[in-house]
Amino acid sequence: MAERGAKWPWAVLALAVLGIWAYERGGDQAAPPAAAPAASASAAATASASAPPSSGAPAAASRPPGDYAPRYFAAEVKQYAAEAGVNPQLVMAVLFNEAYKPHGPDVERAWQKMKPDASFGIANMHRAAYDETRQGRPFADRPWEDLPDDPALAVRAAAWYLHDLGAQLPAHPAASLSRDELMALGYNTGAGNMLLFARGTKPGPEARSYLDKLHDNWSKSADALAAR
């Protein structure tokens, strides 16, 4: 979900969050992945026990600590897209679109302190969108502040938000855009603008850029889902 209003200058944020981001990823830099020993059964059990239990997440693919690349969340995308009744390729493509900034709990909370209306989680959801989406859902008891710590929750919320956007679309939009394209635009610009696009209003430069990125990420998303 793109930040609304003026763009926050990356040059200002970089100095503030780069050190935190480097610290988060520092554990991976001591040795290359090929040199890392296989995890023992007891270590795997400990890691499993420490995972947030209430998101109902499937077992995650092997993911280096601090790496939030969308491809590592293919299992979650498949599960929660099915739960919400939306196209998993759309959910994955939105994750790729939203991967433009570093993710990770420390980075996101540092960002949020400097910009209180910042979005949270690997799907970049704003508080208002999340709070509206979670009503009556299996994750209704999970606050927005949990998103940075629980990527599975972030994927689940994004899938249901896309579901809710799709439910607002007319059965036969006047636009030449597909329902998935309109839902992605709704994720980026809000439901009101999505409905304008569905009625034939041409997307502006920012929305068009988001749509172009979606097209660029479409086949990549299919590959990520097929590989897991």
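Each residue in the range 78-99 was checked for being within 13 Å of Leu214 (Cβ to Cβ) and of a type outside the set (A, V, I, L, M), and 5 of them qualify. Scanning the range 192-228 for residues that are surrounded by 13 or more Cβ atoms within 10 Å (Cβ to Cβ) and basic (Lys, Arg), we see that the one that is farthest from Ser119 (Cα to Cα) is Arg228. Is it fair to say Thr189 is open to solvent by 40 Å² or more (accessible area, probe 1.4 Å), over 28 Å from Ala75 (Cβ atoms) and among the polar types (S, T, N, Q)? Here the answer is no, as Thr189 does not meet what is asked. The single residue among Ala157, Ala175 that is among the small types (Gly, Ala, Ser), in contact with a helix residue (DSSP H, G or I) (Cβ under 7 Å, 6 or more places away or on another chain) and outside any helix (DSSP H, G or I) turns out to be Ala175. Does at least one position in the range 133-144 carry a residue that is within 24 Å of Asp67 (Cα to Cα) and either among the charged types (D, E, K, R) or touching a strand residue (DSSP E or B) at 6+ places or on another chain (Cβ under 7 Å) (or both)? So far as the range 133-144 goes, yes, one or more of its residues are within 24 Å of Asp67 (Cα to Cα) and either among the charged types (D, E, K, R) or touching a strand residue (DSSP E or B) at 6+ places or on another chain (Cβ under 7 Å) (or both). Taken over the range 127-184, the criterion of being open to solvent by 10 Å² or more (accessible area, probe 1.4 Å), of a type in the set (Phe, Trp, Tyr) and without any contact (Cβ under 8 Å) to a residue 60 or more places away in the chain is satisfied by Tyr161 alone. Taken over the range 192-228, the criterion of being closer than 18 Å to Gly166 by Cα, assigned to a helix (DSSP H, G or I) and in contact (Cβ under 8 Å) with a residue 12 or more places away in the chain is satisfied by Asn193, Met194, Leu195, Phe197, Ala198, Ala207, Tyr210, Leu211, Leu214. Considering each residue of the range 82-103 in turn, at least one proves to be within 16 Å of the chain's Cα centre (by Cα), open to solvent by 50 Å² or more (accessible area, probe 1.4 Å) and either more than 24 Å from Arg179 (Cα to Cα) or at pLDDT below 95 (or both). Taking the listed residues Asp131, Asp141, Asp117, Asp150, the one that is more than 25 Å from Glu181 (Cβ to Cβ) and at pLDDT below 95 is Asp117, with no other qualifying.
The values are calculated or read from the model by the stated rules, or taken from the named source; none is laboratory data. Just so it is clear, the structure is predicted and the values come from calculations on it, not from any experiment. Every residue, glycine as well, gets a Cβ built from its backbone with ideal geometry; the counts of neighbours run over all protein chains shown. For accessibility, only protein heavy atoms count, side chains too; no ligands or nucleic acids. Shrake-Rupley method; radii C 1.70, N 1.55, O 1.52, S 1.80 Å.
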